[in-house]
Amino acid sequence: MGRSLFDKVWDAHVIADLGDDQYLLHVDRHLLHDLSGGRGLMELRERGLDVANPELCFATPDHAVSTEPGRADLTDYAGKRLVNGLRESCAACGIRLFDLDDDGQGIVHVIGPELGITLPGVLLVCGDSHTCTHGGLGALSWGIGSSEVAHVLATQTILQRRPKRMRITLDGRMDAHVTPKDLVLYLIGEIGAAAGVGHAIEYAGQAIREMPIEGRLTICNLSIEFGAKVGMIAPDDATFDYLAGRRFAPAGAAWDRAIAEWRTLASDADAVFDREVAIDAGAVRPQITWGNSPQDVLPVDGRVPDPSTAPPDRRPAIQAALDYMDLMPGTPIEGVRVDRVFIGSCTNRRISDLRDAARVAAGRKVAEHVEAWVVPGSESVKRAAEAEGLDRVFRDSGFQWRAPGCSMCVAANGDRVAPGARCVSTSNRNFVGRQGPGSRTHLASPAMAAAAAVSGHIADVRKLGA
Amino acid sequence: MEKFTRVTGPAAPLLRQNIDTDMIIPMQRMLDHERDALGRFALEPLRFNGDGSENPEFPLHQPAFRDAPILITGRNFGCGSSRETAVWALQGLGIRVVIGSSFGDIFYNNCFKNGVLPIVLDEDAVAALAAAAPAGPTTVDLAAGTIRPPNRAAIAFDVPPSQRAALLEGLDEIDMTRRRLDDIRAFQARGREARPWIYDIPDTSA
């Protein structure tokens with residue numbers, strides 16, 4: 001029987017089969033950040049244990065750092081404690097840290113790929129659920145809790161049950177103005193927020209093969225939003241082109257040897273999956289969420305659901321979400337007035353995302369009642385965007401151009417949406433209180449977010465003709 | 001790790017689907033408070049009204065379910081963020097067992113690391129336990145692998161054997177894995193030969 005991409009990478013990392021589908025696996029790359037990384041390191045030091053392989057660990061502060069332009073060192077007391085804790089522990093344990101204003105600093109899931117820390121076929125973990133992002137390069141990666149962080153630090157291994165395998169085939173060609181974010185939100189709406197629980201996902205099909213790497217990272221990033229810890233895409237020439245010459249990627253003879261291995265990772269033609277899903281990418285329109293789960297998603301020309309016409313078991317959830325989001329049943333989502341716009345997060349803040357948003361913003365002004373932010377994903381994305389003048393486009397339109405960090409996706413650094421305020425956000429979660437207590441979040445692509453900013457309400461980017 | 005063998009007490013039904021870890025412990029609370037203070041804020045958006053008063057409809061605020069050590073949950077409980085503080089917050093609220101038809105995978109693992117037992121059952125069984133719960137205490141017995149609801153026959157459940165053993169004996173996983181250090185070193189030695197780029201990481205900017 002043939003093996004899938006997932007099987008090949010998993011099997012290559014098995015140190016011990018512990019029986020009953022439980023395995024001890026080697027961790028090739030461990031990313032640490034200020035929220036869970038510092039805590040895991042502290043736990044290890046309290047136990048008097050050393051970090052097994054500090055050279056395989058990379059750390060950066062992202063969650064609790066200020067994104068104020070020209071930021072002072074730290075945000076508030078929580079951020080100060082967390083960031084200083086990470087600094088101190090990394091120095092004590094010999095772990096490389098990309099600190100504020102270093103070229104490598106940024107959101108862990110942005111810097112991993114762009115520095116070539118993330119590679120095809122590696123097993124990569126991080127104490128953050130969006131670690132599935134790295135699967136866009138063909139890594140086997142998933143998010144872990146802080147106890148697991150301590151385990152990885154102490155042993156460079158992880159205990160894990162082998163998940164089931166699901167292949168999601170995205171065939172067809174996406175329309176203009178439809179982005180990878182729209183495609184994956186649509187997918188979650190179709191299959192539901194729990195469809196991927198217990199599964200490792202492989203994304204395949206024409207739309208994936210033709211998709212640039214940054215888009216693949218966005219697709220894999222949202223795997224966890226339908227319950228899958230792991231999302232992967234087979235590496236191909238586009239992957240190798242993306243990685244060639246990156247700071248920590250192999251070079252010279254090692255690069256040639258690595259590529260030879262990476263070319264063998266794609267699923268065999270007779271690989272078997274526990275579940276197969278097929279989606280027509282050509283049928284997808286620009287998407288926007290209306291509720292408090294990423295599965296609560298609509299095409300932008302759609303209407304908010306009406307609980308009275310929904311299946312009885314869905315009515316309470318729909319009503320609760322409408323109440324929280326302050327939306328009337330059956331209203332068109334287009335035209336709903338917004339207060340904030342956030343372009344950023346590990347989902348959508350790479351250079352291509354910023355270009356998409358800038359095309360919409362160029363020559364237009366952010367509506368007077370809207371506060372709109374652009375938060376680049378990393379110091380290097382920020383510098384690249386500034387080199388091509390994107391910061392100027394955003395600033396001229398009335399957006400704030402900020403310093404890199406997780407910012408208003410997770411609201412751990414004081415960047416928050418006020419209670420009751422409505423935000424169109426390029427992030428990954430529209431949960432109750434996610435962007436601050438009482439905040440109301442609508443998830444969308446960078447272009448849709450920019451369209452909302454300049455329109456003052458949820459708007460159909462296709463009508464703006466950008 | 002805290003051992004788990006058997007728990008008896010009220011089983012509170014909280015059947016809303018997709019309760020995420022941001023809802024189980026909001027970010028600002030986990031930043032502002034230490035581990036042992038998180039229970040006050042567990043499930044805060046559901047437990048309290050906007051003015052800070054208790055939501056009387058919240059299951060754990062009803063007389064039959066106050067101090068319940070068992071939570072019967074809706075599908076996909078604990079989805080979202082990997083924050084282990086979600087488990088700590090539930091522990092602070094007194095929860096030792098969560099029962100549901102599915103859990104967020106990261107949350108599920110985090111439970112075992114902290115002596116909380118997550119039990120997956122089919123949706124009908126979850127509904128039956130929830131229906132029976134108001135009549136009295138429920139007993140969850142990990143050694144026997146059974147849940148005994150009030151006035152009903154016991155039902156069986158499975159948990160992964162290694163995690164079951166770790167909970168019953170209160171084993172420490174880091175200690176257990178460190179006993180395999182020779183295997184780990186041998187794996188890495190083979191890896192340095194077969195996949196040297198994993199271990200010899202260049203820094204072209206240096």
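Key figures
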{"item": "Net charge of Cβ neighbours under 13 Å - reference B:Arg96; Lys, Arg +1; Asp, Glu -1", "result": "-1"}
{"item": "Footprinting exposure proxy for A:Ile201, A:Ile259, A:Ile208 (fewest neighbouring C-beta atoms within 10 Å first)", "result": "A:Ile259, A:Ile208, A:Ile201"}
{"item": "Top positive-direction residue, dipole computed over chain B with Cβ charges, set B:Leu93, B:Cys79, B:Ile147", "result": "B:Ile147"}
{"item": "Extension gain from A:Ala176 to A:Arg314, taking 0.36 nm per residue of separation minus the Cα-Cα distance", "result": "46.3 nm"}
{"item": "The range B:58-102 residues near the modelled B:Leu15 label - backbone nitrogen below 14 Å, point 7 Å along Cα→Cβ", "result": "B:59, B:72-75, B:100-101"}
{"item": "Most positive-pole-ward Cα, B:Cys111, A:Val272, A:Gly37, against dipole of the protein assembly as shown from beta carbon charges", "result": "B:Cys111"}
{"item": "Lysines with Cα under 30 Å of A:Lys181, excluding same-chain neighbours fewer than 8 positions away", "result": "A:Lys8, A:Lys164, A:Lys229, A:Lys365, A:Lys382, A:Lys463"}
{"item": "Residue-averaged 222 nm ellipticity for the protein assembly as shown, from DSSP H runs of 4+ at -39500 (n - 2.57), nearest 500", "result": "-9000 deg cm²/dmol"}
{"item": "Distance between modelled label sites at A:Ala278 and A:Met328, nm, 7 Å Cα→Cβ extension", "result": "4.2"}
{"item": "Per-residue Cβ neighbour rank within 10 angstrom, fewest leading, A:Ile191, A:Ile318", "result": "A:Ile191, A:Ile318"}
{"item": "Of the trypsin sites (Lys or Arg not before Pro) in the range A:133-205, those whose Cβ has at most 11 other Cβ within 10 Å and which sit in DSSP loop", "result": "A:Arg173"}
{"item": "Of the GluC sites (Glu not before Pro) in the range B:1-84, those whose Cβ has at most 16 other Cβ within 10 Å and which sit in DSSP loop", "result": "B:Glu2, B:Glu34, B:Glu57"}
{"item": "Charged-residue dipole, Cβ positions (Lys, Arg, Asp, Glu), the protein assembly as shown about Cα centre, Debye nearest 20", "result": "440"}
{"item": "Candidates B:Ala186, B:Ala68, B:Ala12, ranked by Gaussian network fluctuation over chain B, Cα under 10 Å, top entry", "result": "B:Ala186"}
{"item": "Average partner coverage of A:40-49, which counts Cβ from other chains inside 10 Å", "result": "1"}
{"item": "FRET efficiency, 1/(1 + (r/R0)^6) with R0 41 Å, evaluated for A:Ala91 and B:His61 via beta carbons", "result": "0.30"}
{"item": "C-alpha center-to-center spacing [the range B:137-206, the range A:199-255] in angstrom", "result": "28"}
{"item": "Residue order, fewest to most beta carbons within 10 Å, for A:Phe399, B:Phe58, A:Phe98, B:Phe107", "result": "B:Phe58, A:Phe98, A:Phe399, B:Phe107"}
{"item": "Farthest toward positive dipole pole in the range A:221-284 [+1 Lys/Arg, -1 Asp/Glu at C-beta], among A:Pro235, A:Ile224, A:Pro250", "result": "A:Pro250"}
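No lab work stands behind these numbers, since they all come straight from the coordinates. Keep in mind that this is a model prediction, so the values were computed, not measured. Glycine gets a Cβ as well: all are built from the backbone with ideal geometry, and neighbour counts include every protein chain shown.
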